[in-house]
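Undergrad: Take this structure, written in structure tokens, and hold onto it; I'll ask about it next.
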There are 4 protein chains.
Amino acid sequence: MGEARFSGVFAPIPTPFGEDGEIAYGALRDNLARWARTRLAGLVVLGSNGEFPLLDQDEKEALVGFVREHFPADRPVIAGTGCESTRATIRFTRRAAELGADAALVLNPHYYKGAMTEEALRRFYLDVAEASPIPIMIYNMPGNTGLNLPARLVLSLAEHPNIVGIKDSSGNIVQISEILAGAPPGFAVFAGSGSFLLPTVIMGGVGGTLAVANVMPDECADIVTLARAGRLEEARAIQLRILAANAAVTSRWGIAGLKAALDMIGYYGGPPRPPILPLDEGARAELRTILVRAGALPASGER
Amino acid sequence: MGEARFSGVFAPIPTPFGEDGEIAYGALRDNLARWARTRLAGLVVLGSNGEFPLLDQDEKEALVGFVREHFPADRPVIAGTGCESTRATIRFTRRAAELGADAALVLNPHYYKGAMTEEALRRFYLDVAEASPIPIMIYNMPGNTGLNLPARLVLSLAEHPNIVGIKDSSGNIVQISEILAGAPPGFAVFAGSGSFLLPTVIMGGVGGTLAVANVMPDECADIVTLARAGRLEEARAIQLRILAANAAVTSRWGIAGLKAALDMIGYYGGPPRPPILPLDEGARAELRTILVRAGALPASGER
Amino acid sequence: MGEARFSGVFAPIPTPFGEDGEIAYGALRDNLARWARTRLAGLVVLGSNGEFPLLDQDEKEALVGFVREHFPADRPVIAGTGCESTRATIRFTRRAAELGADAALVLNPHYYKGAMTEEALRRFYLDVAEASPIPIMIYNMPGNTGLNLPARLVLSLAEHPNIVGIKDSSGNIVQISEILAGAPPGFAVFAGSGSFLLPTVIMGGVGGTLAVANVMPDECADIVTLARAGRLEEARAIQLRILAANAAVTSRWGIAGLKAALDMIGYYGGPPRPPILPLDEGARAELRTILVRAGALPASGER
Amino acid sequence: MGEARFSGVFAPIPTPFGEDGEIAYGALRDNLARWARTRLAGLVVLGSNGEFPLLDQDEKEALVGFVREHFPADRPVIAGTGCESTRATIRFTRRAAELGADAALVLNPHYYKGAMTEEALRRFYLDVAEASPIPIMIYNMPGNTGLNLPARLVLSLAEHPNIVGIKDSSGNIVQISEILAGAPPGFAVFAGSGSFLLPTVIMGGVGGTLAVANVMPDECADIVTLARAGRLEEARAIQLRILAANAAVTSRWGIAGLKAALDMIGYYGGPPRPPILPLDEGARAELRTILVRAGALPASGER
């Protein structure tokens, strides 16, 4: 059943760029090999952390194939395939399926905010779900899109057999609870950020796809495992410990913070693609302190 | 210690008005007697649900005294005393103490949004805490005030010995977690709405002050008790069951919904004070259905 | 007719406080005498700049009487009388009329944002207009209230014979235009801030009630006069010149900035009432530079 | 000089699609021929009204070339070339120049809202301006992007010789005034919507690029001409008359409304591309009434 395949902690991986601004496939392969040695359930390629809007279409397709090929076949790779138009989303979702993606994480169109009524969004997701050969996960990311997908809409979409879950990055635990209260069994609800992973799992969520899971994958996986085992005190302790590190790679410094953190812990982070600016020196020093406190880096800060 | 006195579930009671628009003290006495027979830890008088901005100053003072007098002395009564000016807040907090209030729930000034910098708000709360003979609880209610009190500010205030806790109605579980991660031991964090009571308690909160606790007091108390006992499945089941009822008396229909619900379950609700409009018939029918589903009313709907 | 009495530029005067925190009536009398020598059409007492939410009820009543008494009888004094409850608003509006106020500027209730539907707000304003012996002006101040009064609501209220105008502080020139396109003849639309005075007048507004009019009354009056005379270039030059000074006493530094500016130009400003903090030294220096550039202070900065 | 070429009223044309969902070039050619017979100063292709985010890259390039080719050479065609990445924006801007575009209207990147600091946006625009063989116009569209470009940033960019103007769709007349107060001579400020065209021109703007200019081009052009001639009453009368029609094709029904309006007045509108839904019958009837009232359709509604 669905939960077997899509549950636990997924890392929405960043796209590594070299000094020349092109995708650094060697570095990516090395990163993938390291993530494969963690307790991550799977990966998301072309999520928001993957800088997908900054990539050309051919880069996006190449990345899906490459990541699927270089990550253990028994662990799912989910591809972000949402575009502004329905037809481009369908086209790319089908292509991602051909390239081996196990599911598609579909961000809602959002540029034409006024036109994206519940009816328009419902139509969009149903059209994509009908046309897709792989399962669809809804991606709610109001911080970037400026639109929230309300529980009522999500619950109506959850009835479709090819819409298998949602990554909700709203951080709105009430909305997440409302989805969990009303969704059919097996509908997978993922926390969209590490800062509310434990509350989501406590309310019935299956896991999370979390920027911070790139940096602290096992700690994130442990929160889910401990919560399921009823070891709440331990789960809470980890959850509280990673809050600042999570903020550093999301709300506070975003992708630039995530890439800098990866560099610090020995993965390849590298520069973001312009117009995103890299972290300046002051922020890097502060980030290092945060990572040490979170236990992601030894106190010496040396590796 | 503090937690003994300020923990568990508090009901922020509505102010009953008669047909003549004046406070209906007889009805209030009867309501208080019924709440006293529940597992509520205490009450809040003059919270947002108490229509405090619609009351005259003499009404507010009379209410604090009356509620304290007619509720069991071993259960705390917390009075809402926040005003826009520092001096009026101090004056009323002292008066509430004289009238027997066990603590003051202090809403932040918010009309001059641009002027309410973190420094201004910090100064406000410290001045009030210094001057108050009773403990101060911070009241964060961004939905009504249009201002959020960020975790950093709350944590700085939590250092003051006379600031003993916060009612956070933001619904932002990340912010609540950040407060819990950084606050000194004994600082009491209350969920400000029934929709995120369990997540708050799971993260370390001591309880909630919840509109829905007026209507379903024992169910709310049970969530806290079960969560503390590690009986998560049961706690979650209640939490998910009360979501719609909670929304009905808060985000959806507010005080008008709360008063109508009280009327339906046999308490006195009565009309809100203008400009708040009472619930129309269609909404009442829908509310009745929601209360039946939540288990707050028998299916027949008759009482 | 109405326009004869309520048009042109009004200053919403600040409330002066002494070192002891009480209202400084002597300073107020001196200020009033100076404003009386300008081309201001009238004054607003107890507007947002008057710190009305920080005043006690007896202070508010005393201020209305005092200002009316000490300002030329042929120029209107408008009193801010909006409260959260309908009955308190009616009571105070009637009292303001007894005290000599020529009209009431009525801010909408806003604490219970969810309950303040168009229907509730319409009911509120109609009830107040029916009960008031003096004309009512609507006061739309979304920056402080967190609620906007849409054009449709305003136009429905404009039909009432005792609702004679609006002070719109939204800065939304489209909304102001929609009101002007649909309102009955004689309905007076005032710009609520000096930054959009000329556009408002160009679209058909009768003037403004402007914080900056406390500091640069004649310049503001000139914008209206020049615009009416078709001398657009000159009006625009003044409008562009006062933008930064207007921002300094509104969006940027608010009441603290306004009071500091008054001190600099020789009126009495004095301290704001806590929790509003006074301007710090750095901001004062910057404010002085802005006033010099706007022509409100001689370049030497000495007075 | 710049103003000679980039001033007056521009229509940001919609992209016509046939029943098969592909670009209907024949219909587009006919539309272009009709717009050429109006007093429009020029056109914008691939603006928000052009559904640019819903087009494939090859479609976008083909459109730029086609529109330039089929519109009178003495009237400028401005191409929307903004992409999320700096490099894609530069690449497409250069390509648009090759295809004959007279200027590029560059929307700011906006998906990574947290990362789009003033510094990042400044860098983005300067990099594009440096690399572009044609003049750059800034495009501020907060309603769709969720980000506003503040006056300070715009003024800093206005110093660059290849950044020649801004289309500001914020509707914030204060911000527009601040830009006009501080920009170097010749920096062209365009209203981004027909609802604030006259106020913008009065404050010193050179014209507008307006959805409603597709439907009522000569009325829009007249507002500018009359305002420049000091015939304010007439300009205001037209401005007030077109407000509802403007809202119908922008804030209210967006592109679906614009296309339906074009169908009604005898141009080709056709269906929007999914996920945008076409206007339903009720809305069409209401739109027709609005167009009649605005004078865009004869009262019979027949053509």
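Undergrad: Tell me which residues, restricted to the range C:23-40, are within 21 Å of C:Ser7 (Cβ to Cβ) and open to solvent by 30 Å² or more (accessible area, probe 1.4 Å).
TA: Within the range C:23-40, C:Arg37, C:Arg39 meet the criteria.
Undergrad: For the range B:184-204, which positions are within 11 Å of chain A (Cβ to nearest Cβ) and not in a helix (DSSP H, G or I)?
TA: B:Ala191, B:Ser193, B:Met203, B:Gly204
Undergrad: Look through the range D:46-87, keep the residues that are within 30 Å of A:Arg91 (Cα to Cα) and free of Cβ contacts under 8 Å to residues at least 12 places away in the same chain, and return whichever of them is surrounded by the most Cβ atoms within 10 Å (Cβ to Cβ).
TA: D:Pro53
Undergrad: Right, here's the next one. Residues being modelled with pLDDT of 95 or more, within 26 Å of B:Gly26 (Cα to Cα) and of a type in the set (Lys, Arg): count how many of those fall in the range B:254-303.
TA: Of the residues in the range B:254-303, 4 are modelled with pLDDT of 95 or more, within 26 Å of B:Gly26 (Cα to Cα) and of a type in the set (Lys, Arg).
Undergrad: Tell me yes or no: at least one residue of the range D:24-33 is free of Cβ contacts under 8 Å to residues at least 40 places away in the same chain and within 14 Å of another protein chain (Cβ to nearest Cβ).
TA: So the first thing to find is which residues in the range D:24-33 are free of Cβ contacts under 8 Å to residues at least 40 places away in the same chain, and the list is D:26, D:32-33.
Of the ones still in play, those that are also within 14 Å of another protein chain (Cβ to nearest Cβ) are none.
No.
Undergrad: Would you tally the residues in the range C:64-96 being part of a helix (DSSP H, G or I), away from every other protein chain (no Cβ under 12 Å) and either closer than 24 Å to C:Ala191 by Cα or within 15 Å of the chain's Cα centre (by Cα) (or both)? Step through it out loud before you land on a result.
TA: Residues of the range C:64-96 that are part of a helix (DSSP H, G or I), as a first pass: C:64-69, C:86-96.
This time we only want the ones that are away from every other protein chain (no Cβ under 12 Å), so: C:64-69, C:93-96.
Those still in the list that are either closer than 24 Å to C:Ala191 by Cα or within 15 Å of the chain's Cα centre (by Cα) (or both) too: C:64, C:67-68, C:93, C:96.
Of the residues in that region, 5 qualify.
Undergrad: Between a residue in the range A:281-294 that is under 22 Å from A:Ala237 (Cβ atoms) and any residue that is open to solvent by 40 Å² or more (accessible area, probe 1.4 Å) and part of a helix (DSSP H, G or I), which pairs come within a Cβ distance under 7 Å, given they are 6 or more apart or on different chains?
TA: Between residues of the range A:281-294 that are under 22 Å from A:Ala237 (Cβ atoms) and residues that are open to solvent by 40 Å² or more (accessible area, probe 1.4 Å) and part of a helix (DSSP H, G or I), the close pairs are A:Ile290/A:Ala244; A:Arg293/A:Ala244; A:Ala294/A:Arg241; A:Ala294/A:Ala244.
To keep it simple, each residue is scored yes or no on (1) in contact (Cβ under 8 Å) with a residue 60 or more places away in the chain; (2) crowded, with 24+ Cβ neighbours inside 10 Å.
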position	(1), (2)
B:Phe190	yes, yes
B:Leu210	yes, yes
B:Arg231	no, no
B:Gly257	no, yes
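Undergrad: Can you name the residue in the range B:154-183 that is of a type in the set (S, T, N, Q) and not in a helix (DSSP H, G or I) and, of all such residues, is most open to solvent (accessible area, probe 1.4 Å)?
TA: Let us first name the residues in the range B:154-183 that are of a type in the set (S, T, N, Q), namely B:156, B:162, B:169-170, B:172, B:175, B:177.
If we keep only those that are not in a helix (DSSP H, G or I) too, we end up with B:162, B:169-170, B:172.
On the way: B:Asn162: 32, B:Ser169: 23, B:Ser170: 38, B:Asn172: 61 Å².
Looking at residues that are of a type in the set (S, T, N, Q) and not in a helix (DSSP H, G or I), I get B:Asn172.
Undergrad: Hey, could you check the range B:213-232 for residues that are out of contact with any Leu (no Cβ under 9 Å at 6 or more places or on another chain) and not in a loop (DSSP other than H, G, I, E, B) and say which is farthest from B:Val201 (Cα to Cα)?
TA: Selected residue: B:Glu219.
Undergrad: Determine which member of the set D:Thr209, D:Thr225 is touching a Lys or Arg at 6+ places or on another chain (Cβ under 6 Å), under 30 Å from C:Leu226 (Cα atoms) and β-branched (Val, Ile, Thr). Give the steps one after another, and end with the answer.
TA: On the way: D:Thr225 fails: touching a Lys or Arg at 6+ places or on another chain (Cβ under 6 Å).
None of the others qualify; the one that does is D:Thr209.
Undergrad: A further question on this structure: Name, by its number, the condition in (1) under 22 Å from B:His110 (Cα atoms); (2) surrounded by fewer than 23 Cβ atoms within 10 Å (Cβ to Cβ); (3) under 16 Å from the mean Cα position of the chain (by Cα) that does not hold for B:Asn148.
TA: (3)
Undergrad: Quick one: what pairs do we get from the range B:99-124, first residue more than 9 Å from chain C (Cβ to nearest Cβ), second open to solvent by 10 Å² or more (accessible area, probe 1.4 Å) and β-branched (Val, Ile, Thr), C-beta under 9 Å, 6+ apart or different chains?
TA: Cβ pairs passing all conditions: B:Ala101/B:Ile134; B:Asp102/B:Ile134; B:Ala103/B:Ile134; B:Ala103/B:Val164; B:Ala104/B:Ile134.
Undergrad: Can you confirm whether C:Leu43 is open to solvent by less than 20 Å² (accessible area, probe 1.4 Å) and either modelled with pLDDT under 95 or assigned to a strand (DSSP E or B) (or both)? Give the derivation first.
TA: Numbers: open to solvent by less than 20 Å² (accessible area, probe 1.4 Å): yes; either modelled with pLDDT under 95 or assigned to a strand (DSSP E or B) (or both): yes.
Spelling it out, C:Leu43 is indeed open to solvent by less than 20 Å² (accessible area, probe 1.4 Å) and either modelled with pLDDT under 95 or assigned to a strand (DSSP E or B) (or both).
Undergrad: Something else: Anything in the range B:127-145 that is within 11 Å of chain C (Cβ to nearest Cβ) and either touching a His at 6+ places or on another chain (Cβ under 6 Å) or β-branched (Val, Ile, Thr) (or both)? List them, or say none. Please lay out each step first, then the result.
TA: Within the range B:127-145, the first condition is being within 11 Å of chain C (Cβ to nearest Cβ), and the residues that meet it are B:127-128, B:141-145.
Of everything in the range B:127-145, those that are within 11 Å of chain C (Cβ to nearest Cβ) and either touching a His at 6+ places or on another chain (Cβ under 6 Å) or β-branched (Val, Ile, Thr) (or both) turn out to be B:Val128, B:Thr145.
Undergrad: Does D:Gly143 meet the test of being assigned to a loop (DSSP other than H, G, I, E, B), of a type outside the set (S, T, N, Q) and open to solvent by 10 Å² or more (accessible area, probe 1.4 Å)?
TA: Numbers: assigned to a loop (DSSP other than H, G, I, E, B): no; of a type outside the set (S, T, N, Q): yes; open to solvent by 10 Å² or more (accessible area, probe 1.4 Å): yes.
Against the criterion (assigned to a loop (DSSP other than H, G, I, E, B), of a type outside the set (S, T, N, Q) and open to solvent by 10 Å² or more (accessible area, probe 1.4 Å)), D:Gly143 does not qualify.
Undergrad: Do the conditions hold for C:Leu277, that is, is it more than 23 Å from C:Ala33 (Cα to Cα) and surrounded by 16 or more Cβ atoms within 10 Å (Cβ to Cβ)?
TA: Numbers: more than 23 Å from C:Ala33 (Cα to Cα): yes; surrounded by 16 or more Cβ atoms within 10 Å (Cβ to Cβ): yes.
Here the answer is yes, as C:Leu277 does meet what is asked.
Undergrad: In the range D:280-300, which residue that is of a type in the set (A, V, I, L, M) and open to solvent by 50 Å² or more (accessible area, probe 1.4 Å) is nearest to the chain's Cα centre (by Cα)? Don't jump to the end; show me each part of the working.
TA: Residues of the range D:280-300 of a type in the set (A, V, I, L, M): D:283, D:285, D:287, D:290-292, D:294, D:296-297, D:299.
If we keep only those that are open to solvent by 50 Å² or more (accessible area, probe 1.4 Å) too, we end up with D:285, D:299.
Details: D:Ala285: 26, D:Ala299: 28 Å.
Looking at residues that are of a type in the set (A, V, I, L, M) and open to solvent by 50 Å² or more (accessible area, probe 1.4 Å), I get D:Ala285.
Undergrad: Can you name the number of the only condition in (1) within 30 Å of D:Ile202 (Cβ to Cβ); (2) in contact (Cβ under 8 Å) with a residue 60 or more places away in the chain that C:Gly269 fails?
TA: (1)
Undergrad: Tell me yes or no: at least one residue of the range A:247-254 is in contact (Cβ under 8 Å) with a residue 40 or more places away in the chain, under 16 Å from the mean Cα position of the chain (by Cα) and crowded, with 24+ Cβ neighbours inside 10 Å.
TA: First, pick out the residues of the range A:247-254 that are in contact (Cβ under 8 Å) with a residue 40 or more places away in the chain: A:247-248, A:250-251.
Adding the requirement that they be under 16 Å from the mean Cα position of the chain (by Cα) leaves A:247-248, A:250-251.
Adding the requirement that they be crowded, with 24+ Cβ neighbours inside 10 Å leaves A:248, A:250.
Yes - at least one qualifying residue is present in the range A:247-254.
The values are calculated or read from the model by the stated rules, or taken from the named source; none is laboratory data. Predicted, not measured: the structure shown is a model, and the values here were computed from it. Cβ: placed from backbone, ideal geometry, glycine included. Neighbour counts: every protein chain shown. Accessible surface is based on the protein model in full, side chains and every heavy atom, while ligands, DNA and RNA are left aside. Shrake-Rupley method; radii C 1.70, N 1.55, O 1.52, S 1.80 Å.
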